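The values are calculated or read from the model by the stated rules, or taken from the named source; none is laboratory data. This is a predicted model, so every value here is computed, not measured. Don't worry about glycine lacking a Cβ; one is built from the backbone with ideal geometry, like all the others, and counts go over all protein chains shown. What goes into the accessible areas is simple: the full protein's heavy atoms, side chains included, and nothing from ligands, DNA or RNA. Shrake-Rupley method; radii C 1.70, N 1.55, O 1.52, S 1.80 Å.
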Amino acid sequence: MPKIIAAKTIVTCPGRNFVTLKIMTDEGVYGIGDATLNGREPAVEAYLSEHVIPCLIGRDAHQIEDIWQYLYRGAYWRRGPVTMAAIAAVDMALWDIKGKIAGLPVYQLLGGACRTGVMVYGHANGETIEETLDNAAHYAEQGYKAIRLQTGVPGMSGTYGVSKDKMFYEPADSDLPKETIWSTERYLRSTPALFEAARLRLGDDLHLLHDVHHRLTPIEAGRLGKDLEPYRLFWMEDATPAENQASFRIIRQHTTTPLAVGEIFNSIWDCKQLIEEQLIDYIRATAVHAGGITHLKKLAAFADLHHVRTGCHGATDLSPVCMGAALHFDLSIPNFGVQEYMRHTPETDAVFPHAYTFSDGMLHPGDAPGLGVDIDEDLAAKYPYKRAYLPIARRLDGSMHDW
Ligand code: CS2
Ligand code: MG
């Protein structure tokens, strides 16, 4: 058996912060896992160093399920983003080790490929509808089959998800949370016009997506979904905060626009009702924030019974290690829907050399043994941790709005 003899965390900031766990075995094989939690990176780092790593030493690295159960069931305080990101990092690193020892890419260990590649969606955004659609055309030229559209809301400066750069942007960009202004009325007025213009300019073949970032009440979301129906969206994402899962019943009652939710979910318990009652169409949980490949497999199998497909979160605040894990998972499950692909900067890609490749609108994890992603520790050490926060939103009267 490959025995775990050491483990350590690596925190690096090649443009944004990433936390990586590295697990070493007595056979000389190591594995890596992503533990990045945007804006809370040192909390997961400490959870791993203080509470998880000491419990791993001496264990059989092949016992992935048992180690998952040990860390989840064995802890009195369960779930939550910090705990589940730490468990996820261990899980990914152990799948990486198993693949390297077997000489197989992880998707082969998960049952083999169900498809030739993983359809991804890119982010097109701009201050105006025209700018957003120019940007979308740029993605279409590169072969993307699915594109997320976000545009500035007239009269509101700094709409979340709208950046100046065409391919790269970093949402967590200030030392303390930046304050932005939000108006539901203005947003609801301007968004349908974006999709009307998009269908006229881009045609009917592209999949179009939109992210609401939890900014609406259920009935407002029902109304937006209804207004967007003529433009046949692939999905409307995070329409309302999902702590109260039953609130999605109201959205469902009013619209046939497909619904996606769950990039901030940590476990199957965050979406049990949403899935069981078929209140959503796509579940957005991904490896790093929902307990790793092991837990995500169970979540996807449960979702498959209820006609819910996957759409893993893939923003830049998930490291290339998580992207690698997500791609092996995406390739191997029957109910895959789409994978988000918000490109990392060249600095980040240099710290995390990887085997996954993009072509014709699809990503493929590659056939390197394990996850096919590594970390260049010397380069990582050149980019020290820098605190960075996501913005917050206040309504026009100054009161706090949902993130
Ligand atoms: C967004 C993310 O990718 C998405 O769908 O919601 O940009 C998200 O806001 C960031 O990952 C925040 O952590
Ligand atoms: Mg989102």
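Here are a few things to note about the model shown:
- Residue in the stretch 25-46 that is free of Cβ contacts under 8 Å to residues at least 12 places away in the same chain and either on the phi > 0 side of the Ramachandran plot or within 21 Å of the chain's Cα centre (by Cα) (or both) present: yes
- For the stretch 76-92, the set of residues classified as in contact (Cβ under 8 Å) with a residue 12 or more places away in the chain and open to solvent by 30 Å² or more (accessible area, probe 1.4 Å) consists of Arg79, Pro81, Val82, listed by residue number.
- Meets criteria (assigned to a helix (DSSP H, G or I) and open to solvent by 10 Å² or more (accessible area, probe 1.4 Å)) for Ile101: yes
- Residues considered: Phe265, Phe302, Phe248. Of these, the only one that is more than 25 Å from Arg232 (Cβ to Cβ), buried (at least 20 other Cβ atoms within 10 Å of the Cβ) and in contact with a helix residue (DSSP H, G or I) (Cβ under 9 Å, 6 or more places away or on another chain) is Phe265.
- The residues of the stretch 263-278 that are more than 16 Å from ligand 2 (Cβ to nearest atom) and either in contact with a Gly (Cβ under 9 Å, 6 or more places away or on another chain) or within 18 Å of Ala86 (Cα to Cα) (or both), listed by number, are Ser267, Ile268, Trp269.
- For the stretch 272-288, taking the residues that are over 21 Å from Gly370 (Cβ atoms), within 16 Å of ligand 1 (Cβ to nearest atom) and of a type outside the set (Gly, Ala, Ser), the one that is surrounded by the fewest Cβ atoms within 10 Å (Cβ to Cβ) is identified as Asp281.
- In the stretch 317-366, the qualifying residues are those that are in a strand (DSSP E or B) and among the hydrophobic types (A, V, I, L, M, F, W, C), and the one that is surrounded by the fewest Cβ atoms within 10 Å (Cβ to Cβ) is Phe358.
- Screening Ile4 on (1) open to solvent by less than 10 Å² (accessible area, probe 1.4 Å); (2) of a type in the set (A, V, I, L, M, F, W, C); (3) within 16 Å of ligand 2 (Cβ to nearest atom) shows it passes everything except condition (3).
Residue-wise test of (1) in contact (Cβ under 8 Å) with a residue 12 or more places away in the chain; (2) of a type in the set (A, V, I, L, M, F, W, C); (3) touching a Ser or Thr at 6+ places or on another chain (Cβ under 6 Å).
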position	(1), (2), (3)
Thr348	yes, no, no
Tyr356	yes, no, no
Gly366	yes, no, no
Leu371	yes, yes, no
Glu377	yes, no, no
Tyr383	yes, no, yes
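- The lone criterion from (1) within 16 Å of ligand 2 (Cβ to nearest atom); (2) open to solvent by 10 Å² or more (accessible area, probe 1.4 Å) left unmet by His295 is number (1).
- Hits in the stretch 367-384 - residues which are touching a Cys at 6+ places or on another chain (Cβ under 7 Å) and surrounded by 15 or more Cβ atoms within 10 Å (Cβ to Cβ): Tyr383
- Residue match in the stretch 196-209 (condition: open to solvent by 10 Å² or more (accessible area, probe 1.4 Å), under 23 Å from the mean Cα position of the chain (by Cα), closer than 21 Å to Arg343 by Cα and within 16 Å of ligand 1 (Cβ to nearest atom)): yes
- Scope the stretch 138-176; condition at pLDDT below 75 and either open to solvent by 60 Å² or more (accessible area, probe 1.4 Å) or at positive phi (or both); matching residues: Ser157, Gly158, Gly161, Lys164, Asp165, Lys166, Phe168
- Close pairs (9 angstrom Cβ cut-off, 6 or more residues apart or separate chains): open to solvent by less than 90 Å² (accessible area, probe 1.4 Å) in the stretch 385-396, among the small types (Gly, Ala, Ser) and assigned to a loop (DSSP other than H, G, I, E, B) anywhere: Ala388/Gly39; Ala388/Ala172; Tyr389/Gly39; Tyr389/Ala172; Leu390/Gly39; Leu390/Ala172; Pro391/Gly158; Pro391/Ala172
- Of all residues in the stretch 178-224, those being assigned to a helix (DSSP H, G or I), more than 24 Å from Ala140 (Cβ to Cβ) and within 16 Å of ligand 2 (Cβ to nearest atom) number 3.
- With respect to the conditions (1) within 15 Å of ligand 2 (Cβ to nearest atom); (2) surrounded by fewer than 22 Cβ atoms within 10 Å (Cβ to Cβ), Cys312 lacks only one, and its number is (2).
- Residue within the stretch 103-110 that is touching a Ser or Thr at 6+ places or on another chain (Cβ under 6 Å) and over 30 Å from Gly161 (Cβ atoms) present: yes
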